[in-house]
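Asks: One structure, pasted below without further comment.
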Amino acid sequence: MSGGMPKDLRSFLDDNAESILRVPGTVAREHLSALIVQAARPVMFEAIDGFPGWRVLDLLFVDRRAQARVLDTEPDNVLACLATALDKPPVPTRPADAAPHRQNVLTGDEADLLALPCFRHGGKDPAPALIAMNICREPDGGAVNLSFTRMTPIGPRRATYLIGSSPHQRAILAAWEARGEAMPMACVIGTHPAYEIMASYSVPGHLAEFGELEMVGNLIGEPVETVPCQTVPLEVPAHAEAVIEGWVQPGVRHDDGPGPSQALYYLPGASPQPVMEVSAIAHRDRPILRQHNTLMFSDHQPLIGLPHEALLYTRLRADGHDVRELFYVPWGGTLACVVQIVPKSDGEVRNVLMRTLGPRGPHPKQAVARLGVIKI
Ligand SMILES: [Mn+2]
């Protein structure tokens, strides 16, 4: 382990060095998407043609073995471990004095989204895109939400960002737009991967009790440290590879699409999405652009499923069912869920399947029971 240092992406990579496939040669960004899918395990590209200094990392959640490393547990204990952590009270964040991503702070004309090795996921994507954890806050110092977004640069300091997948992100922007005010936003890339579980957490109503960042402390076993942004009134994790800051102007939309979806469709059309005006880009030396390919057999499906698998596991076990494993199968998007159960009575399996199809996101359309005890 990494002594008393705060947990970040680099401490995680050091602790799990043997599990990472390293690609030392220079790779063209046009090839990244296909290479990531073929890697089928955590993969780091050490050099990207035309983007000196940058590295690209993906597939930290591709299967239960990878997820177990993030949670520092065993593959057959991932859901029990995560369920326990999500059941704990939130851990307040605490301020830090310094942040490695401030090693390079680019503002004004120096900030250039096009200098980052964004890449197309599918062949029909309109432009290279960037996946980031998006932090925004309700007006008047309200609740802070953390969620993933796909940003597509449309200029050096402008990017559309896909708002469709996060109800909280949509609601917070709507509150700012109703006041006719620009919304401050920060996009965070490359934290300890446990943060990403909470950025994938989508549960209605939680903002009244906690923001996602406050639950990350339970996943990494220490409070999340934050620092103020440089150009917007928001706090961001102090231990990140890169932070993009900016403002979302009210009422402005720009077409985005086509693009992949978690449900394995390649969405054919374009849709109007909000636009972030970038005010600063901060990054560590030799930054690691942790990215999420959104095509099939990537992190996209398992990461979206993971926190919701743990919540459903908790609920089914609280109802007295001997659930052993529960899995939104990646080849079913997030629409098919397999539950491994040791039933104790007639009709129990049917009840469990009906509960699995209940009103919770993601919304499986198909639930399958697998009986007995099986090692995966
Ligand atoms: Mn939320």
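Only the coordinates and a few stated rules stand behind these numbers; no lab work does. Quantities reported herein were computed from a predicted structural model and do not represent experimental measurements. Here Cβ is always computed from backbone atoms with ideal geometry, including for glycine, and neighbour counts include all displayed protein chains.
Asks: With loop defined by DSSP as not H, G, I, E or B, and exposure as at most 14 other Cβ atoms within 10 Å, which is the longest segment of the chain clear of exposed trypsin sites (Lys or Arg not before Pro)?
Replies: Counting only loop sites that pass the neighbour cut-off, the longest clear stretch is 180-343.
Asks: Post the alpha-carbon centroid distance, the range 142-170 to the range 263-318, in whole angstrom.
Replies: What the calculation gives is 11 Å, centre to centre.
Asks: Report, in whole Å, the centroid distance computed from the Cα atoms of the range 1-47 and the range 202-254.
Replies: Here the answer is 24 Å between Cα centres.
Asks: Could you work out how far apart the two model spin labels at N77 and E181 are, taking each label as a point 7 Å from the Cα in the direction of the beta carbon, and quote it in nm?
Replies: The answer from the label model is 4.7 nm.
Asks: For A143 and A96, compute 0.36 nm times the residue count separating them, minus their Cα-Cα distance, and round to one decimal in nm.
Replies: Result: 14.9 nm gained on full extension.
Asks: Something else about it: Per-residue ellipticity at 222 nm for the chain, helices alone: DSSP H runs ≥ 4 residues times -39500 (n - 2.57), over residue total, nearest 500 deg cm²/dmol?
Replies: Computed ellipticity for the chain at 222 nm equals -6500 deg cm²/dmol.
Asks: Normalised by the empirical 2.2 N^0.38 Å for globular proteins, what value does the Cα Rg of the chain take?
Replies: In units of the 2.2 N^0.38 Å rule of thumb, it is 0.96.
Asks: Could you derive backbone 3J(HN,Hα) for the range 256-262 from the dihedral phi with the Karplus parameters 6.51, -1.76 and 1.60 (θ = phi - 60°), listing whole Hz in sequence and x where the residue is Gly or Pro?
Replies: Once rounded to whole Hz, the list reads 9, x, x, x, x, 10, 5.
Asks: Of all DSSP beta bridges located in the chain, what percent are antiparallel, nearest 5?
Replies: Given both bridge residues lie in the chain, the antiparallel proportion sits at roughly 75 percent.
Asks: Could you pull out which residues in the range 155-198 have an amide N less than 17 Å from a spot 7 Å beyond the Cα of E110, following the Cα-Cβ vector?
Replies: Residues passing the 17 Å test: 157.
Asks: Here is a follow-up. Determine the shape class of the range 99-242: with a ≥ b ≥ c the square roots of the Cα gyration tensor eigenvalues, call it rounded for a/c under 1.5, and otherwise prolate if a/b is greater than b/c, oblate otherwise.
Replies: Since a/c stays below 1.5, the shape of the range 99-242 is classed as rounded.
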